[in-house]
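Q: There's a structure below that I have some questions on.
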Amino acid sequence: MTGVRKGELRPAATLPVARVYVDVPLAHLDRPFDYLVPDTLDEAAVPGCRLRLRFAGKQVDGFLLERVAASEFGGRMEFIGKVVSSEPVLTPELAALARAVADRYAGMMIDVLRLAIPPRHAKVEAEPPAEPPGTPEQPDTTRWARYPRGPAFVDALRNKRQAHAVWQALPGEDWPARLAELAATAAASDRGAVLVVPDYRDVARLYEACVARAGEDDVVLLAADVGPAKRYRAWLRVKRGAARIVVGTRASVFAPVQRPGLFVVWDDGDDLHADLHAPYPHVRDVLIQRAHTSGASLLVAGFARTAEAQLLVESGWAPEIVAARDEVRQASPRITSLGETDQQLARDPAARAARIPSVAFEAARDALKKGRPVLVQVPRGGYVPALACQQCRGPARCRRCAGPLGLPSGTEARPPTCRWCGVPDTAFRCGNCGSRRLRAIVVGAKRTAEELGRAFAEVPVLGSGGAEVLKTVDDRPALVVATPGAEPVGDYGAALLLDGWALLGRADLRATEETLRRWMTAAALVRADGRVVVLAESGLPAVQALVRWDPVWHARQELAARTELGFPPAVRMASVDGPATALAAFLDELKLPASGEILGPVPIGEPDRDGNTEKERALVRTTRADGRALAAALATAQHGRTARKEPDPIRVRLDPLELI
DNA sequence: GCAATGAGCGTC
DNA sequence: ACGCTCATTGCT
């Protein structure tokens, strides 16, 4: 006699059928299955709870979606094995959201749930639940008056009306304070708020600002790197309604706040907002979805503006919150550019030994003299070498599909080749200026930073980047050398942006947008009476946008360019990669909507031991209107593959950030 | 011609 | 890691 015999089990008296999502990694099984609830588990088997059950003979994990009276299933149903815990972790809102996100990205709901629901911690779950928080007072939101449409957004939040907006913060803006004011406003109306920022440093700053306005009891910090017990405790606190405000990194987009009133993504251009796990959802997209289904307000914010945010504005979905030009001029430091061609060769006598342009040298010297730190932004290593036009320095593009041209790796010299469609271009002609000459991008800024350090030998040099990131820097003379994203918060007298060439030359569709974003993030830390010097050609759009501090102008241009070239977000694009033969079969099977178009495939990755590059990648694009159909077609093709037990995995990513 | 055994497959 | 189907094997 072993275990429980089926004959001894009786279905529960009411709602005996459980609709269940099982945790199996097979695309064609991404749907609910019906099980019977034994009467012994009638009480425990609540909608949203975690389960163990037998599926195709195997013991697997699952989630109980809902209890229903009868099943459509014709065959014999299994009984649920056991209820792991009656904590209803899969809330109805989360179930609907996970399904929508999976469909949007041609992925599986169970994969989204893995991102959205942290692993269980039994001890934490057994702890007595925290008291529901008192209602905080309305915070002071008068600082939003610097932006013409700011007070209207605050007002909508206070009165529980839905509002969408795209906000560009002024240089020097205390953005954590502003966002905390919005979160506290939502909380004061007894609504939940989820604020998502790129990295842990930002989380810490924003958390502090929120606690200052809403109190410690009403705010939780959700991030993957806080440890499993702490993480699950914080998550449960939110789900149980014991805290209204969530501050976190990308996994917190799914935070199950009750009565959601506000969703915010800060610096939506940062690639940390794209999840690295299947189905690779992007924070901005998930929050748009949540705002749409929950009726909550959404704020897409940053110093710079992405083409995606610009599309939200231009499509009329979100009004913009931007300051008037006068206000921008007042808040902005003096920003000058210095390109290779217009670099002044006259050197300051004190810097003669070093090869630092005198404007940059003077800006640094003046700031240090006033007792302020100076920020020096240098590039990170490891950028993919790409090709640019010799004349106008714009990225070299394929004539056929407008993909980036690169030099194929290999021994013999081969012509520049498109990284997307694989077509070689033997007679390059720049689409922008008509030049026939190409240049390879080189990096030379690190040396400049070193020279700067020698030129100001009496001043301490602090480094921030890689493994050692400084949070803040004191208000005293210092050279702070930082890589993009690792700039310590400080009251800088000057910033020198030395990474222009490395950033602008990347073989990436988002290279210029990304460059401007990083420059603005650094320049925003400089005092309004300070100076910023960027070492890049003044003719480049990104440089002009920085000098004038006009992220909207740049985003408008960027979106127009992408529309013309057929890039996201103007179109919906998917990358599909896998072993060559499997990929070919997948593409063959794919039933694309009318606007569908396949680019490639092209080989990707390094050759293996035997020297063959088996892996290939294709890009598939459709109009935005056909986006859902594209995702559905990709999902259907995946279903076919897993149903046939085809061994080679095909990876599908929708709107991938890196289109190499 | 038919039972006994085993491999493969779907998956409630 | 179950229980079903279907093919193969071996014996009458």
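Q: Once the convex hull of the alpha carbons of region A:29-183 is built, what does its volume come to per residue, in cubic angstrom? List each step's numbers first, then the result.
A: On the way: hull volume 31.2 nm³, N = 155.
Enclosed volume per residue, from the Cα hull, is 201 Å³.
Q: Follow-up. State to the nearest 20 debye the size of the charge dipole of chain A about its Cα centre, where the only charges are +1 on K and R beta carbons and -1 on D and E beta carbons.
A: With only Lys, Arg, Asp and Glu charged at Cβ, the dipole is about 580 debye.
Q: While we're looking at this one, here's another question. Rounded, prolate or oblate: pick one for chain A, where a ≥ b ≥ c are the square roots of the eigenvalues of its C-alpha gyration tensor, a/c under 1.5 means rounded, and failing that, prolate if a/b is larger than b/c, else oblate.
A: Details: a/c = 2.19, a/b = 1.39, b/c = 1.58.
Note, shape of chain A comes out oblate.
Q: Then there's this: In percent, what relative contact order does chain A have, based on Cα pairs under 8 Å that are 6 or more apart in sequence?
A: Taking the mean separation of contacting Cα pairs over the length of chain A, I get 12 percent.
Q: Run through the DSSP bridge list for chain A and note the antiparallel percent, rounded to the nearest 5.
A: On the way: 49 of 98 bridges.
Within chain A, antiparallel bridges account for around 50 percent of the total.
Q: Relative to the present Cα-Cα distance, how much length would full extension add between residue A:589 and residue A:436 at 0.36 nm per residue of separation? Please report the intermediate quantities before stating the final value.
A: Working: separation 153, 0.36 × 153 = 55.08 nm, distance 4.01 nm.
This chain segment gains 51.1 nm when fully extended.
Q: If you look for lysine pairs in chain A that are eight or more places apart or on different chains, how many of them have Cα atoms under 19 Å apart? Before the final figure, lay out each step's value.
A: Numbers: A:6/A:58; A:6/A:82; A:58/A:82; A:58/A:645; A:82/A:123; A:123/A:230; A:123/A:239; A:230/A:239.
Count of close lysine pairs: 8.
Q: Percent of Cα-Cα pairs more than 17 Å apart in region A:549-633, please.
A: Values: 2024 of 3570 pairs.
The answer is 57 percent, as a whole percent.
Q: Still on this model: Scale the Cα Rg of region A:133-292 by the rule-of-thumb value 2.2 N^0.38 Å and send over the ratio, two decimals.
A: Rg over 2.2 N^0.38 Å, computed on Cα atoms: 0.96.
Q: Rounded to whole Å, give me the distance from the Cα center of region A:171-217 to that of region A:137-167.
A: Cα centroid to Cα centroid, the span is 14 Å.
Q: Could you give the nm distance between label points at residue A:224 and residue A:190, where each point is 7 Å from its Cα heading toward the beta carbon?
A: In this crude spin-label approximation the distance works out to 3.7 nm.
Q: Taking θ = phi - 60°, what integer Hz values does the Karplus form 6.51 cos²θ - 1.76 cosθ + 1.60 yield along region A:635-644, in sequence order, with x for Gly and Pro?
A: Those phi angles translate into 5, 4, 5, 5, 4, x, 5, 5, 5, 7 Hz.
Q: Another question, then. What is the set of long-range amide H partners of residue A:438 at a cut-off below 5 Å, with H atoms built 1.01 Å from backbone N?
A: A:390
Q: Tell me, A:362, A:173 in order of fewest to most beta-carbon neighbours within 10 Å? Let's see the in-between values first.
A: Values: A:362 16, A:173 19.
The fewest-first ordering by Cβ neighbours comes to A:362, A:173.
Q: Please work out whether region A:95-168 counts as rounded, prolate or oblate from its C-alpha gyration tensor, where a ≥ b ≥ c are the square roots of the eigenvalues and a/c under 1.5 means rounded, while otherwise a/b larger than b/c means prolate and anything else oblate? Provide the component values of the computation, followed by the final result.
A: Details: a/c = 3.39, a/b = 1.43, b/c = 2.37.
The shape class here is oblate.
Q: Now, a different point. Pull out the extension gain between residue A:643 and residue A:538, defined as 0.36 nm times the separation in residues minus the alpha carbon to alpha carbon distance; nm, one decimal. Numbers along the way, then the final one.
A: Values: separation 105, 0.36 × 105 = 37.80 nm, distance 5.61 nm.
Extra length available between residue A:643 and residue A:538 comes to 32.2 nm.
Q: State whether region A:447-576 is rounded, prolate or oblate according to the following rule on the C-alpha gyration tensor (a ≥ b ≥ c being the square roots of its eigenvalues): a/c under 1.5 gives rounded; otherwise a/b larger than b/c gives prolate, and the remaining case gives oblate.
A: Values: a/c = 2.31, a/b = 1.96, b/c = 1.18.
It comes out prolate by the Cα gyration axes.
Q: Which order do A:280, A:21 fall in if you start with the one that has the fewest other Cβ atoms within 10 Å? Spell out each step's value before the answer.
A: Values: A:280 21, A:21 24.
Listed from fewest to most nearby Cβ atoms, that is A:280, A:21.
Q: Hey, another quick one. Restricting to DSSP H runs of at least four residues, report the calculated mean residue ellipticity at 222 nm for chain A, -39500 (n - 2.57) per run over all residues, nearest 500 deg cm²/dmol.
A: Numbers: 18 runs with 193 residues, N = 660.
After summing the helix terms and dividing by residue count, I get -9000 deg cm²/dmol.
Q: Go ahead and run the numbers for FRET between residue A:259 and residue A:152, Cβ-Cβ distance against an R0 of 25 Å, rounding to 0.05. The partial results should precede the final answer.
A: On the way: r = 22 Å, r/R0 = 0.87.
With a Förster radius of 25 Å, E is 0.70.
Q: With an 8 Å cut-off on Cα pairs and a minimum separation of 6 or more residues, tell me the relative contact order of region A:452-593 in percent. Numbers along the way, then the final one.
A: Working: 149 pairs, mean separation 22.2, N = 142.
Relative contact order comes out at 16 percent.
Q: Right, another one. With contacts defined as alpha carbon pairs under 8 Å and 6 or more residues apart, what's the relative contact order of region A:101-186 in percent?
A: Working: 41 pairs, mean separation 22.8, N = 86.
In percent, rounded to a whole number, it is 27.
Q: May I ask you to sort A:79, A:303, A:263 by Cβ crowding, counting other Cβ atoms within 10 Å and putting the fewest first?
A: Values: A:79 20, A:303 27, A:263 30.
Neighbour counts put them in this order, fewest first: A:79, A:303, A:263.
Every number here is computed from the coordinates shown, using simple stated rules; none is lab data. Keep in mind the model is a prediction, meaning the values are calculated, not measured. Here Cβ is always computed from backbone atoms with ideal geometry, including for glycine, and neighbour counts include all displayed protein chains.
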